[in-house]
Amino acid sequence: MTEEMRKQVGERIREARKRKGLSQEQLGEKLGLSFQAVSTWETGKFIPDADHLPALAKALDLSLDGLFAEMEHRWELEPVNFCPDRMFTFVKGRAQMLGLKQTLKVMDLLRKAHEGQKRRSRYGFETEYIVHPLTMACQALAMGIRDDEVIAVCLAHDMVEDSEGKVKLSDLPEGHIRNAVRLLSKNECPHLGEDWMQLYYKDIRKNPLASLVKVLDRVNNVAGMADAFSRDWMIRYTGETARYYPALLEEIKKVPEWNDAWWLLRYQLTTQLETYKRLL
């Protein structure tokens, strides 16, 4: 390996260590090495030996391909989300034009539910939490879905779970919307161990509305997980998605008016998962 390539690898290690908030001493302790060893890697004097590579990749949330790939490009990173105010205006305007009364009621709760909440990136970016439900609503509308209940549940799907008590289930419109949000709100049961997740998805599959919104939610989260998740969490999330979401897609397919949405969501989720499987 040339000196230039060693320096490139060292620079990657240093940048990843700083993103994790670790000193050279702390990284060395995780690997059972001295800080001097870490320093020689970061300066490009030496590269990590094969015995330490797996532990180093895990400690820094790096893949080995990512560590040693040629640095032909030094990308300038940009935020991955859009302006929440413009999306809010778009969704509200479309709801008014289409007469989506339930959606408009939920929009009155949206800012209250997520006021002050942020989604934080591993790379220093910060996004208002309401970008997430608004993106889902925009995506549903862009796929040609005009169903009042679908758009309303996109906006409300995590209000009960993530609003810190600001919005309760009883605040939402009665009927299908409230029931779908109830199913989508995770109530983990540690005494059931792994079984709670199987039961959670089993209940969602019984409800086509909840199934559709859950897949929209996952497509949105998978698209942005490289910005926010650790490598270990991306691996777990990819595995969970591959295990449970094909069955949800089959439920969506059973609703004729959602057939176009089913095709697009299946395409998006499949290509995203296969990309991550190859990179992680």
Filter pass, Tyr237 being within 12 Å of the chain's Cα centre (by Cα), among the aromatic types (Phe, Trp, Tyr) and buried (at least 17 other Cβ atoms within 10 Å of the Cβ): yes
Single condition Lys166 does not satisfy, out of (1) closer than 29 Å to Asp260 by Cβ; (2) not in a helix (DSSP H, G or I): (1)
Subset tally (residues that are out of contact with any helix residue (DSSP H, G or I) (no Cβ under 7 Å at 6 or more places or on another chain) and in a loop (DSSP other than H, G, I, E, B)) for segment 1-48: 8
Failed item in (1) touching a residue at least 24 places away in the same chain (Cβ under 8 Å); (2) assigned to a loop (DSSP other than H, G, I, E, B), with Leu183 passing the rest: (2)
For Ala223: the one exception among (1) over 16 Å from Val150 (Cβ atoms); (2) out of contact with any helix residue (DSSP H, G or I) (no Cβ under 9 Å at 6 or more places or on another chain): (2)
Residue match in segment 82-99 (condition: acidic (Asp, Glu) and in a helix (DSSP H, G or I)): yes
Pair list, Cβ under 6 Å, 6 or more apart: segment 60-80 residue outside the structural domain of Glu29 (by TED's automatic domain parsing), other residue among the hydrophobic types (A, V, I, L, M, F, W, C) and at pLDDT 75 or above: Pro79/Phe125
Residue within segment 258-270 that is part of a helix (DSSP H, G or I), surrounded by fewer than 18 Cβ atoms within 10 Å (Cβ to Cβ) and of a type in the set (Lys, Arg) present: no
Single residue of segment 14-55 satisfying the filter (of a type in the set (A, V, I, L, M) and at pLDDT below 90) that is surrounded by the most Cβ atoms within 10 Å (Cβ to Cβ): Ala16
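Per-residue answers, yes or no, for (1) in a helix (DSSP H, G or I); (2) at pLDDT 95 or above:
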{"position": "Gly116", "(1), (2)": "no, no"}
{"position": "Arg119", "(1), (2)": "no, no"}
{"position": "Tyr123", "(1), (2)": "no, no"}
{"position": "Pro133", "(1), (2)": "yes, yes"}
{"position": "Gln139", "(1), (2)": "yes, yes"}
{"position": "Val153", "(1), (2)": "yes, yes"}
{"position": "Val160", "(1), (2)": "yes, no"}
{"position": "Glu174", "(1), (2)": "no, no"}
{"position": "Arg178", "(1), (2)": "yes, yes"}
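The values are calculated or read from the model by the stated rules, or taken from the named source; none is laboratory data. Note that the structure is predicted; figures quoted are calculated from it, not measured. For neighbour counting, all protein chains shown are included, and Cβ atoms are generated from backbone atoms with ideal geometry for every residue, glycine included.
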